[in-house]
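A quick write-up on the structure given underneath.
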Amino acid sequence: MRRDLGDFGQEAASSSGVFGGNKEKQETLEGLSRSSFSVDSEIPKMPKRRSDLFSFLNVKKVKMGAEQEMNENHGGAWQPKDPRAEPITGEKPSCSSKEAVDHLVLPDCWSKKQALLFTDQYKWLEIKEGKLGCKDCSTVQHLGARAEKHVHVSKEWIAYLVTPNGSNKITRQASLRKKMREHDVSKAHNTIQDLIKGPTSSDPVSSSAPKLSIKNIDATVKVFNTVYSLVKCNRPLSDIEGVIELQEEKGEDIGSCLHTRYSATRIAEHIAKEMKMRIFRDIIEKNAKICVVIDETSAVSKKSTLVIYLQCTVQSAPSPVMLFVALKELMSMTADCIFSTLLSALNDCGFNNDYLNDNLIAFCSDGANSVLGRKSGVALKLLENFPKIILWHCLNHRLQLSLDDSISEIEQVNHLKMFLDKTYSIYHLSNTSHTELETIAKELELEIIKIGRVLGPRWAACSLRVATAVWRSYPALYVSFSQSSSYSGLAKRLANINFLKDLALTMDILEEFSLLSTALQSRSTNIQKAQKLIQCTIKALENLKTRPGKYESQIEDLIKSNEFKDIPFNKNNKFNTLPRNLLLEKIIQHMHLRLLLEGNDDEGILSYFNLLEPSTWPYEELTLPWIAGERKLDHLSEILKYEIDLNDFRDFVDNNVKSKKAPIPTTIQEAQKIVRTIAVGSAEVERGFGLMNVICTRVRSSLKVDHISDFMTINLLGKELADWDATPYVKSWMNCHHRLATDTRVRKKATRAFYEDRLALWNLR
């Protein structure tokens, strides 16, 4: 290692002793010393080899004088005599100017003059936070096709992490000089500078770069297509080795790299990241209004996760589009943790706080206290950070809550629920009992479906399927119960005609709820349409109070049918029957309280949205100009965060009042799109839960939450296999300086060994 400047005398004496016996070497070194230093340069480059020692000794006095002058002026206002470093056009100005140096944190062993001289000598040198770095290596970072074995770009110079070594100032200065010199003459650094300058005709690697690039891209595209197809089909990425082997057997050239499940995971991660970046970048550039929908769940690994969706309106789609954003792991279920996780996920996708403040118009979720709590929920924290956003409780959850509230107030419903739960426990949990029921059903020529739980914490459509299963297998259930002395009480209940009527009434109610629940889950349902659907369901339930429903009207015909002829129906008043009218009245009452916006906190919001829905206008009282509507227009613009032109609104009202078939004004169309952007339910999030369960099975329970999120992104946002083009993703992969499929710096793949007895099966001839 080269010694300090302070050891000049010792080094000179030792060097003369070493080379004193060889006159030719000494003359050669003296010649090198005279030719390697010029008077104009105050601090020349240090020779790397010890054979150049005399040239170093000849200039040491000059170096020591320069460093002494620097040390004397350290911290003072020094003016350079010859400012030679000029900023290059189109590049960031170098720190070689005094103005730039004044604002830099220099290494503790350097003065301002030293920083100016070294940055002038090494044009690639930059200083950040008292550490050195190479701006050329930081820009390129990878050698690409010019990469060679054992030639790598220094990570320290790329990341600006080069610091001095030593215990005193002179030693630390010498260590920095050595590091700069060695990096300047390194092969990796020179290759990067050649890449920055551009290819030359004499460079064989550069001249063949287009051919290599095409071959690399073609082979890597095939690997990307393989990974994409595995993710789309929800297959484990460990299958890639077998798929790659099959392609190689068919003669496909797919290189020798990126063939492991680890590489496949990195590729899937890159594809998901690029997809999000492209989609969300377009949304941000168009300044589209968005609605955030979230829900929390637990994965197979028992980790609490947050599913985040985003609904927005794009020009190419007639209805709003629900986009998957991310699946994030929650450290806790508190409102603070959920809020910070949500905000971090949105910021990672490019939706910063300024954008959210201008374009976030609504937030939708289920009714969990940690999310929609009135005192410290996530919704309240969003409202504090982004005022005037609409907080929306999922209508499907409201519908289920209204049904649950009604059931809790009617005691007789519990008897029906207990019977159905008992039936579920007998035939769902016991394979023997279920087999016996299937045998009886075949004898009676009945088609039964699986019996589950009814009226539980699930949506109405699930309860309807369970009740339908009991309705279809009613005769088979009676025969099964009557043949066993343990279930004779259940058989007597099935033989009671009042129980059959209660089951029919329950199915009529659940069918109306199921129709409404399915309609609310539609992607095209907006707030106005949802209100109309709810009102239609309430009218249908009111009609049930005066006349029997679909299943109630079938009871008399069912009793006389061949399937029910073996059941001795009777009227036993000991069984508590459902109070028909009271049950319907309670359901209608709770639907008014929870679902209809009239009389709720959301009533004002609906009245403003009705300005854009001509079917809700009071035409009898409406006169032109519509002053009452125009007074609400400014507040509607604040809610939607979009300015609606007053003249467009007047034209819109005039065209509808006079029944003109004129086109809708532009600002009115945009405002209607923004209203449709508000999500009325979290059904799409529930579908995301289903996909998560398909991806993260018990066999793949070791998958990390981030990897599950990447797979869900490709499944939900990616194109179909026939329409997807992997070339742009491969090019971005190359720009990130990842290895390509044709990279030869990989271990040789082990051949799969087949047992002789297994191969012998194919040699029986």
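Pairs are defined by a Cβ separation below 8 Å, a sequence spacing of at least 6 or placement on different chains, a first member in segment 339-365 that is over 19 Å from SER304 (Cα atoms), and a second member that is in a helix (DSSP H, G or I) and hydroxyl-bearing (Ser, Thr, Tyr); the pairs so defined are ILE361/THR677; ALA362/THR677. Residues of segment 297-338 that are in a strand (DSSP E or B), open to solvent by 40 Å² or more (accessible area, probe 1.4 Å), in contact (Cβ under 8 Å) with a residue 60 or more places away in the chain and more than 16 Å from LYS276 (Cα to Cα): GLU329 alone.
Out of all the residues in segment 196-218, is one or more over 19 Å from the mean Cα position of the chain (by Cα) and at pLDDT 90 or above?
yes
The one condition from (1) without any contact (Cβ under 8 Å) to a residue 12 or more places away in the chain; (2) in a helix (DSSP H, G or I); (3) not small (Gly, Ala, Ser) that VAL243 does not meet is (1).
Test of understanding: among ASP710, ASP706, which residue is among the charged types (D, E, K, R) and either in a loop (DSSP other than H, G, I, E, B) or crowded, with 20+ Cβ neighbours inside 10 Å (or both)? ASP710 is the lone residue from the list that is among the charged types (D, E, K, R) and either in a loop (DSSP other than H, G, I, E, B) or crowded, with 20+ Cβ neighbours inside 10 Å (or both). Selection of segment 382-402 for residues being in contact (Cβ under 8 Å) with a residue 40 or more places away in the chain, in contact with a Ser or Thr (Cβ under 9 Å, 6 or more places away or on another chain) and open to solvent by 10 Å² or more (accessible area, probe 1.4 Å) yields HIS397, GLN400. In segment 507-566, the qualifying residues are those that are among the aromatic types (Phe, Trp, Tyr) and in a loop (DSSP other than H, G, I, E, B), and the one that is surrounded by the fewest Cβ atoms within 10 Å (Cβ to Cβ) is PHE564. Are any of the residues in segment 414-425 under 43 Å from the mean Cα position of the chain (by Cα), at pLDDT 75 or above and in a loop (DSSP other than H, G, I, E, B)? No - not one qualifying residue is present in segment 414-425. The single residue among ALA679, ALA671 that is part of a loop (DSSP other than H, G, I, E, B), open to solvent by less than 10 Å² (accessible area, probe 1.4 Å) and touching a residue at least 24 places away in the same chain (Cβ under 8 Å) turns out to be ALA679.
Among the residues of segment 567-594 satisfying the criterion of being of a type in the set (A, V, I, L, M) and either at pLDDT below 85 or in contact with a Gly (Cβ under 9 Å, 6 or more places away or on another chain) (or both), which is most open to solvent (accessible area, probe 1.4 Å)? By that ranking, first place goes to LEU593. Of the numbered criteria (1) buried (at least 17 other Cβ atoms within 10 Å of the Cβ); (2) over 28 Å from ILE214 (Cα atoms); (3) of a type outside the set (Ser, Thr, Tyr), the one VAL699 fails is (1).
Please find, within segment 653-668, the residue that is farthest from ASN359 (Cα to Cα) out of those that are part of a helix (DSSP H, G or I) and either open to solvent by 10 Å² or more (accessible area, probe 1.4 Å) or in contact with a strand residue (DSSP E or B) (Cβ under 6 Å, 6 or more places away or on another chain) (or both).
We begin by selecting, within segment 653-668, every residue part of a helix (DSSP H, G or I); these are 653-657, 666-668.
Now narrow it down to the ones that are either open to solvent by 10 Å² or more (accessible area, probe 1.4 Å) or in contact with a strand residue (DSSP E or B) (Cβ under 6 Å, 6 or more places away or on another chain) (or both): 654-657, 666-667.
Numbers: ASP654: 30, ASN655: 30, ASN656: 30, VAL657: 32, THR666: 19, THR667: 16 Å.
Ranking the candidates gives VAL657 first.
Beta carbons closer than 6 Å, at least 6 apart along the sequence or on distinct chains, pair a first residue in segment 582-597 that is within 14 Å of LEU505 (Cα to Cα) with a second that is open to solvent by 20 Å² or more (accessible area, probe 1.4 Å) for LEU584/LYS545.
Which one is farthest from GLU585 (Cα to Cα), of the residues in segment 367-402 that are touching a His at 6+ places or on another chain (Cβ under 9 Å) and modelled with pLDDT under 85? Only one residue fits best here, namely LEU372.
When the residues of segment 691-703 are narrowed to those that are among the β-branched types (Val, Ile, Thr) and assigned to a loop (DSSP other than H, G, I, E, B), which ends up modelled with the highest pLDDT? Walk me through how you get there before you give the answer.
Restricting attention to segment 691-703, the residues satisfying the condition of being among the β-branched types (Val, Ile, Thr) are 694-695, 697, 699.
If we keep only those that are assigned to a loop (DSSP other than H, G, I, E, B) as well, we get 697, 699.
Working: THR697: 78, VAL699: 72.
Step by step, filter segment 691-703, then rank; the result is THR697.
Does LYS273 qualify as being at pLDDT 90 or above, within 25 Å of the chain's Cα centre (by Cα) and over 27 Å from ARG739 (Cβ atoms)? No; evaluated as a whole, the condition is false for this residue. Each residue in segment 345-385 was checked for being closer than 23 Å to GLU274 by Cα, assigned to a loop (DSSP other than H, G, I, E, B) and polar (S, T, N, Q), and 1 of them qualify. Restricting segment 139-153 to residues that are open to solvent by less than 70 Å² (accessible area, probe 1.4 Å) and either farther than 28 Å from LYS731 by Cβ or out of contact with any strand residue (DSSP E or B) (no Cβ under 8 Å at 6 or more places or on another chain) (or both) leaves a set whose member that is modelled with the lowest pLDDT is ALA145. Just one of (1) within 26 Å of LEU510 (Cβ to Cβ); (2) among the charged types (D, E, K, R); (3) in contact with a helix residue (DSSP H, G or I) (Cβ under 9 Å, 6 or more places away or on another chain) fails for GLU630. It is (1). Would you say SER615 is in a helix (DSSP H, G or I), at negative phi and surrounded by fewer than 13 Cβ atoms within 10 Å (Cβ to Cβ)? In short, yes.
The values are calculated or read from the model by the stated rules, or taken from the named source; none is laboratory data. Computed from a predicted model, the values in this text were never measured in an experiment. In this analysis, Cβ positions are derived from the backbone assuming ideal geometry, glycine residues included, and neighbour counts consider all displayed protein chains. Heads up: the accessible areas ignore ligands, DNA and RNA and are worked out on the full protein's heavy atoms, side chains in. Shrake-Rupley method; radii C 1.70, N 1.55, O 1.52, S 1.80 Å.
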